[in-house]
2 protein chains.
Amino acid sequence: MSFKDATLAEVDAAMNEAHVAFLSYKNFDGKKRAAFLRAIADEIEALGDELVKTAMGETALPEARIIGERGRTTGHCRMFADYIEEGSWVEARIDTAMPDRTPAPKPDIRKKLVPLGPVVVFGAANFPLAYSTAGGDTASALAAGCPVIVKAHPAHAKTSELVAGAIKKAMGKTGMPAGVFQHLHGAGFEVGQALVKHPRASAVGFTGSYLGGKALFDMANQRPTPIPVFAEMSSTNPVILLPDSLARDYEQTAGMLASSMVLGVGQFCTNPGLIFAVEGDGLGQFIKHLSAAISKSLPAEMLHEGIARNYVKRLSETLSQKGVKLEVQAQAESKVGDKDQGRPTVASVQAPVFMENPSLAEEVFGPFSLIVRCKDMNELNTVMARVHGQLTSTLIGGEKEIAKHTNLINILMGKAGRLIINGVPTGVEVCPSQNHGGPFPSTTDSRFTAVGTDAIKRFARPVAFQNFPDSLLPDELKNANDKGIWRVVNGEMTRKGLG
Amino acid sequence: MSFKDATLAEVDAAMNEAHVAFLSYKNFDGKKRAAFLRAIADEIEALGDELVKTAMGETALPEARIIGERGRTTGHCRMFADYIEEGSWVEARIDTAMPDRTPAPKPDIRKKLVPLGPVVVFGAANFPLAYSTAGGDTASALAAGCPVIVKAHPAHAKTSELVAGAIKKAMGKTGMPAGVFQHLHGAGFEVGQALVKHPRASAVGFTGSYLGGKALFDMANQRPTPIPVFAEMSSTNPVILLPDSLARDYEQTAGMLASSMVLGVGQFCTNPGLIFAVEGDGLGQFIKHLSAAISKSLPAEMLHEGIARNYVKRLSETLSQKGVKLEVQAQAESKVGDKDQGRPTVASVQAPVFMENPSLAEEVFGPFSLIVRCKDMNELNTVMARVHGQLTSTLIGGEKEIAKHTNLINILMGKAGRLIINGVPTGVEVCPSQNHGGPFPSTTDSRFTAVGTDAIKRFARPVAFQNFPDSLLPDELKNANDKGIWRVVNGEMTRKGLG
């Protein structure tokens, strides 16, 4: 089934309708917006098997994965519902007046976050549910008070259409204005471009390739009125294996990393694409066990033909670089490409060669990892200091050995948005402490996250109210603090009301 | 006295030195960084009269203003010292592990803000102290843990040099690394460009013209690795006079606004450049009293020749537009331009003419205000809905009359970063509730503020730590919470430690 691309007139109408919806939606209280988000979760569940089967058919992802992703999607809708209903997210700050202060009186000023305006969200190829139509971008924007216009990903347009239908049902049941959520198709670039360039667009959320995200970022910055783009783009998620621990734990480490590499056919933004280790027996044993696991793993169909073709191309480019040694490659069931299969592959390279060839540091989207062989920890530190921005970085080693390398933790803090010890980067827990973001090129702005409650901050801005009578203040800033939200009052965090 | 422009080699050396300083400075605890900020305040005070006289000589600002601005500068250094010493600013979030959760265990994740890296700060022409060398950008970046490289404003280079000397003394007294603060001169564009384009730069702070700020924003976005620019640029700070109240309070309103217009020769980013009112006797009386006050006010020397020349040019362009009527202009003491004098001026225009001519909505930097005459409140609402982004917007009227126009407050919330009732936009209190920011073109990113404690957020990014042993976590995230900072632990705000 294919859908008609939106026309430019339809894009314009959608953006204008989103603007009109914003004028009322932005003033709905947290309770009302929360009811909407919970209804979205309910309606997605009510789609039942049809959604699961449609998503499986469009993405080649297995049933358990789609069911898990659906749980994550309804989970984040309900998480944001709870979060905005509680209300402290608006970061209320109150400084009361001091009319007698000299040399000048101090006015009463109060501040809180308000929504930015209509947000354009791009569905992601690799997560048909959790990063798409009702994904984290949509849920956090709706939670903030922003209407959303989704550009469906063409690779799972029918899944997107189903979820959009669920959201529209939820709108009807909870009395939302018509333009609060809109859904457009666009197989080429035109629809996305027109949305990002439209004067009524206030922000953009995107998960996908570096080329796609960077193009949207540039387009948004070159508008007469630039708007913020949060694009999550490209990350190789370095994993560092500390030598003394590796000499002991090579087998367990190999097993853990092999599973992470092939999970979802390597199609996660947090897939471990680079592994750094020091030469020695431990590394040799690690590669032996990793190779055994990878050679036994089955190739699997990738999300869509374009991704599979790109994987084959990037893999062959990488393997043909000077100094790159193929360590292991899973056997294909048939000729590569025929069935859009991604063959799990591991290669290795010496650190000096890696440092001289920047293309080796770039993401190969799929089940591929490159092991960078360092002659010692000094060389490993040197090469890590040159790696570009990442979503995650992982250290594997015993606590005592890691404690000897806090300098490395220091380096990694500057490189990545999330540091992991003795775990794998895949698996992004949705919770307040999560940071799914990181320095460029992993995202376009390292100060924000795409996952977790703080994702809402991408779509909100502070407004201060000076010398307002209590009756004219927004509820969150009135003296009474009826909802008992956390506020900073004259420098002190409190849930108490004033006077 | 004039200073030599920095060479490109000096820019490169400064940025590299800042990077080296960052490697240690970012790990200094809040107490140590606070001592440095307090020492800066002390050393600025220790400059005594020399600083005041130098700044007066370079800027033509009167002694009381310079002394006031010095107080604000030392004040925000000490405010940020207190803020980071207390420590809750890092926004700690902790979600503890649930190893038995099904279908997958939940890992322990903890998050806090860390500094971005070296920040390039541009001294502002209109605030030789509070928005320059030790201004809010510098103080908030140093507080966050970022080294600062200041490009001195050439119009007050000697003042800047004195303050830089004070900061360097403070560095020596508190054991700071050499590159934590550096000071460069540059009369043209080359030095600023080289700083913003340097690979070691992580962020930029700027207060000044739209052309200057937008050029830096574009330059930073076009780097191979884009960096965030917070540029505070251009605002006309609309003031709306509600008709029923104006019919009663015209005299008082005229007096209040006349003072705000001519304050600092109109050279504030929050100067009231546009006044919106409904035609009628009240408006007539208001203009009569405003004109009386303005005609009695004395022209005064502007900050520097370039600003004065630009004011004369923009003023004459504006006054020559079709439909613009000159209402009053203060008498010059001598031929305009001879003494870089800014003559306070008020003009008026009908709303339909204003809406047809976008140049009338643009800032005339100096003591000029344009009154936009609306035939009724409907027309006033229409014209306000078309005004572009602003730092502030002000409503003047009785509480009962304002309560009838909450739709207007709603419109203004979408337009400005700070709303004021029955006050003037000039005067920016430095406190947690302050928002000195707003939608484009008033700033380049409406999600941040240049003034108040939240200004620190421009220069920090979150990092999550997953599965870290307590001993390897940053102090703010350890179980004990020795400093008793506010943290969100498993969704609850608390100062308690864990376990």
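The values are calculated or read from the model by the stated rules, or taken from the named source; none is laboratory data. Keep in mind that what you see is a predicted model, and the values were worked out from it rather than measured. Glycine gets a Cβ as well: all are built from the backbone with ideal geometry, and neighbour counts include every protein chain shown.
Out of curiosity, is residue B:240 over 15 Å from the mean Cα position of the chain (by Cα), under 25 Å from residue A:447 (Cα atoms) and crowded, with 24+ Cβ neighbours inside 10 Å?
Spelling it out, it is not the case that residue B:240 is over 15 Å from the mean Cα position of the chain (by Cα), under 25 Å from residue A:447 (Cα atoms) and crowded, with 24+ Cβ neighbours inside 10 Å.
What is the residue count in the stretch B:250-280 for residues that are out of contact with any helix residue (DSSP H, G or I) (no Cβ under 8 Å at 6 or more places or on another chain), touching a residue at least 60 places away in the same chain (Cβ under 8 Å) and more than 13 Å from residue B:367 (Cα to Cα)?
2
Collect the residues in the stretch B:442-482 that are part of a loop (DSSP other than H, G, I, E, B), buried (at least 16 other Cβ atoms within 10 Å of the Cβ) and of a type in the set (Asp, Glu), keeping them in residue-number order.
Once the filter is applied, which keeps residues that are part of a loop (DSSP other than H, G, I, E, B), buried (at least 16 other Cβ atoms within 10 Å of the Cβ) and of a type in the set (Asp, Glu), the stretch B:442-482 yields only B:445.
Find the residue count for the stretch B:461-491, including only residues that are on the phi > 0 side of the Ramachandran plot and either more than 8 Å from chain A (Cβ to nearest Cβ) or small (Gly, Ala, Ser) (or both).
4
Residue A:36 is checked against (1) surrounded by 15 or more Cβ atoms within 10 Å (Cβ to Cβ); (2) within 13 Å of another protein chain (Cβ to nearest Cβ) and fails just one. What number does that condition carry?
If we test residue A:36 against (1) surrounded by 15 or more Cβ atoms within 10 Å (Cβ to Cβ); (2) within 13 Å of another protein chain (Cβ to nearest Cβ), just (2) comes out false.
Kindly state which helices (runs of 4 or more DSSP H) lie completely within the stretch B:162-272 and contain at least 3 residues that are at pLDDT below 95 and over 30 Å from residue A:233 (Cβ atoms).
It comes to B:243-262.
Do any helices (runs of 4 or more DSSP H) entirely within the stretch A:370-439 hold 3 or more residues that are in contact with a helix residue (DSSP H, G or I) (Cβ under 9 Å, 6 or more places away or on another chain) and among the aliphatic types (A, V, I, L, M), and if so, which?
Result: A:377-386, A:406-413.
Please pick out the residue among B:366, B:398, B:389 that is touching a Phe, Trp or Tyr at 6+ places or on another chain (Cβ under 6 Å) and within 14 Å of another protein chain (Cβ to nearest Cβ).
Only one candidate passes the filter, namely B:389.
Restricting attention to strands (runs of 3 or more DSSP E) lying wholly within the stretch A:68-151, give those where 2 or more residues are within 15 Å of the chain's Cα centre (by Cα) and at pLDDT 95 or above.
A:119-122
What tally of residues in the stretch A:1-39 results from selecting those that are under 23 Å from residue A:57 (Cα atoms) and of a type outside the set (S, T, N, Q)?
Matching residues across the stretch A:1-39 total 4.
Can you tell which of B:247, B:201 is more than 12 Å from every other protein chain (Cβ to nearest Cβ) and surrounded by 20 or more Cβ atoms within 10 Å (Cβ to Cβ)?
Result of the check over B:247, B:201: B:201.
Enumerate the pairs (first residue in the stretch B:110-124 and without any contact (Cβ under 8 Å) to a residue 40 or more places away in the chain; second residue anywhere and surrounded by 24 or more Cβ atoms within 10 Å (Cβ to Cβ) and among the aliphatic types (A, V, I, L, M)) with beta-carbon separation below 8 Å, excluding pairs fewer than 6 apart on the same chain, so at least 6 apart or on different chains.
From residues that are without any contact (Cβ under 8 Å) to a residue 40 or more places away in the chain, the pairs are B:123/B:150; B:123/B:152.
Would you be able to tell me the number of residues in the stretch B:298-331 that are surrounded by fewer than 18 Cβ atoms within 10 Å (Cβ to Cβ) and hydroxyl-bearing (Ser, Thr, Tyr)?
Residues in the stretch B:298-331 being surrounded by fewer than 18 Cβ atoms within 10 Å (Cβ to Cβ) and hydroxyl-bearing (Ser, Thr, Tyr): 2 in total.
Mind telling me which of the residues A:104, A:134, A:64 ends up being in contact (Cβ under 8 Å) with a residue 24 or more places away in the chain and in the same structural domain as residue A:36 (by TED's automatic domain parsing)?
After applying the criteria, what remains is A:134.
Could you grab me the full set of residues in the stretch A:282-335 that are within 17 Å of residue A:365 (Cβ to Cβ) and of a type in the set (Val, Ile, Thr)?
Matches in the stretch A:282-335: A:307, A:312, A:318.
Can you name every residue in the stretch B:109-131 that is within 9 Å of chain A (Cβ to nearest Cβ) and either touching a Ser or Thr at 6+ places or on another chain (Cβ under 6 Å) or on the phi > 0 side of the Ramachandran plot (or both)?
Listed by number, the residues that qualify are B:109, B:110, B:111, B:116, B:117.
Give the number of residues within the stretch B:75-101 that are β-branched (Val, Ile, Thr) and surrounded by fewer than 22 Cβ atoms within 10 Å (Cβ to Cβ).
1
From B:301, B:305, B:356, B:363, grab the single residue that is more than 19 Å from residue B:269 (Cα to Cα) and acidic (Asp, Glu).
The conditions single out B:356.
Which of the residues spanning the stretch B:445-460 are touching a helix residue (DSSP H, G or I) at 6+ places or on another chain (Cβ under 8 Å), polar (S, T, N, Q) and within 7 Å of another protein chain (Cβ to nearest Cβ)?
Once the filter is applied, which keeps residues that are touching a helix residue (DSSP H, G or I) at 6+ places or on another chain (Cβ under 8 Å), polar (S, T, N, Q) and within 7 Å of another protein chain (Cβ to nearest Cβ), the stretch B:445-460 yields only B:449.
Scan the stretch B:411-443 residue by residue and report those that are at negative phi, facing chain A (nearest Cβ under 7 Å) and of a type in the set (S, T, N, Q).
Correct list: B:433, B:434, B:435.
Among what's in the stretch A:401-410 and is under 22 Å from residue B:118 (Cα atoms) and crowded, with 18+ Cβ neighbours inside 10 Å, pick the residue that is farthest from the other protein chains (Cβ to nearest Cβ).
Applying the filter and picking the extreme gives A:408.
Given the residues A:267, A:285, which is the only one that is more than 20 Å from residue A:422 (Cα to Cα) and either polar (S, T, N, Q) or not assigned by TED's automatic domain parsing to the domain that holds residue A:416 (or both)?
Residue meeting the stated conditions: A:267.
Scan the stretch A:161-180 residue by residue and report those that are hydrophobic (A, V, I, L, M, F, W, C) and either more than 19 Å from residue A:27 (Cα to Cα) or out of contact with any helix residue (DSSP H, G or I) (no Cβ under 9 Å at 6 or more places or on another chain) (or both).
If the condition is that a residue be hydrophobic (A, V, I, L, M, F, W, C) and either more than 19 Å from residue A:27 (Cα to Cα) or out of contact with any helix residue (DSSP H, G or I) (no Cβ under 9 Å at 6 or more places or on another chain) (or both), then A:162, A:163, A:164, A:166, A:167 are the ones that fit.
Looking at the structure I just gave you, is residue A:233 buried (at least 21 other Cβ atoms within 10 Å of the Cβ), in contact with a Phe, Trp or Tyr (Cβ under 6 Å, 6 or more places away or on another chain) and of a type outside the set (Ser, Thr, Tyr)?
yes
Being among the hydroxyl-bearing types (Ser, Thr, Tyr) and in contact with a strand residue (DSSP E or B) (Cβ under 6 Å, 6 or more places away or on another chain) is the filter here, so list the residues in the stretch B:115-164 that pass it.
Residues satisfying the conditions are B:131, B:133, B:138.
Does residue A:485 satisfy the criteria of being over 12 Å from the mean Cα position of the chain (by Cα) and in a helix (DSSP H, G or I)?
Judged against the criteria, residue A:485 is not a match.
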